Amino acid sequence: MTTGPSNPGDDAAEDPAPTGEDLAAILTRLLEETGRTQKELAAEAGIKYPTLNAWVNRTRGTSRIDADDLRSMTEVLRLWRADVTPAQLFKAAGRRVPGPTSEEREQRLLRIYRDLPTEGQRALIQSAEAMRAASRR
């Protein structure tokens with residue numbers, strides 16, 4: 001993943017979604033403001049429409065939404081001139097806002113992983129999954 005001034009994780013310190021506005025409410029509001037549809041957002045963000053529709057209709061929980069999906073929706077909504085930050089979508093989904101990503105750090109982690117024997121790779125994955133699970137609480 002590349003970084004730059006529009007890196008969604010960089011906005012982690014910005015204000016959260018308005019009080020009481022969950023992901024369904026914020027997406028509904030932003031789609032209305034931009035004159036766009038759920039189907040357009042799903043297609044542009046690379047998310048299956050039924051999945052996005054379930055989030056908007058509150059028939060599927062949001063606490064396990066992939067961080068890349070939240071970032072992608074933010075990027076698309078921003079392209080459509082919506083006033084939204086990544087922090088707003090993460091918090092509205094009930095998620096902690098992840099730190100910014102850096103291609104250099106990602107490549108470093110990948111090099112470390114590739115240098116490990118199979119057991120070490122498995123242990124690294126297990127450790128990373130445990131850290132991710134803890135961060136979602």
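The values are calculated or read from the model by the stated rules, or taken from the named source; none is laboratory data. These numbers come from a predicted model, not from an experiment. Cβ placement follows ideal geometry from the backbone for every residue including glycine, while neighbour counts extend to all protein chains displayed.
Collect the residues in region 67-84 that are among the aliphatic types (A, V, I, L, M) and buried (at least 17 other Cβ atoms within 10 Å of the Cβ), keeping them in residue-number order. Talk me through it step by step, then tell me what you get.
Just the residues of region 67-84 that are among the aliphatic types (A, V, I, L, M), to begin with: 67, 70, 73, 76-77, 79, 82, 84.
Within region 67-84, Ala67, Leu70, Met73, Val76, Leu77, Ala82, Val84 qualify.
Would you confirm, using the coordinates I've provided, whether Leu124 is outside the structural domain of Ala42 (by TED's automatic domain parsing), touching a helix residue (DSSP H, G or I) at 6+ places or on another chain (Cβ under 8 Å) and outside any loop (DSSP other than H, G, I, E, B)?
In short, yes.
If we scan region 53-70, do we find a residue that is in contact with a Pro (Cβ under 8 Å, 6 or more places away or on another chain) and either assigned to a helix (DSSP H, G or I) or closer than 29 Å to Glu129 by Cα (or both)? Explain how you work it out, then say what you get.
Start the filter on region 53-70 by keeping residues that are in contact with a Pro (Cβ under 8 Å, 6 or more places away or on another chain), which leaves 67, 70.
Adding the requirement that they be either assigned to a helix (DSSP H, G or I) or closer than 29 Å to Glu129 by Cα (or both) leaves 67, 70.
Yes.
Residues being in contact (Cβ under 8 Å) with a residue 60 or more places away in the chain and among the charged types (D, E, K, R): count how many of those fall in region 18-51.
2
Quick check on Leu89: is it within 15 Å of Ala42 (Cβ to Cβ) and either at pLDDT 90 or above or assigned to a helix (DSSP H, G or I) (or both)?
Yes; evaluated as a whole, the condition is true for this residue.
Just a yes or no: is a residue in region 107-119 at pLDDT below 85 and either among the acidic types (Asp, Glu) or in the same structural domain as Ala45 (by TED's automatic domain parsing) (or both)? Before the answer, list the steps.
If we filter region 107-119 for residues that are at pLDDT below 85, which is where we start, we get none.
Looking through region 107-119, none of the residues is at pLDDT below 85 and either among the acidic types (Asp, Glu) or in the same structural domain as Ala45 (by TED's automatic domain parsing) (or both).
With out of contact with any Gly (no Cβ under 9 Å at 6 or more places or on another chain), assigned to a helix (DSSP H, G or I) and under 20 Å from Tyr49 (Cβ atoms) as the only criterion, which of Leu109, Leu77 stands out?
Working: Leu109 fails: under 20 Å from Tyr49 (Cβ atoms).
Residue meeting the stated conditions: Leu77.
Inside region 52-100, can you point out the residues that are without any contact (Cβ under 8 Å) to a residue 24 or more places away in the chain and hydroxyl-bearing (Ser, Thr, Tyr)?
Thr59
Of everything in region 85-122, what is surrounded by 12 or more Cβ atoms within 10 Å (Cβ to Cβ), of a type in the set (Gly, Ala, Ser) and closer than 30 Å to Ala25 by Cβ? Give them in sequence order.
If the condition is that a residue be surrounded by 12 or more Cβ atoms within 10 Å (Cβ to Cβ), of a type in the set (Gly, Ala, Ser) and closer than 30 Å to Ala25 by Cβ, then Ala87, Ala92, Ala93, Gly94 are the ones that fit.
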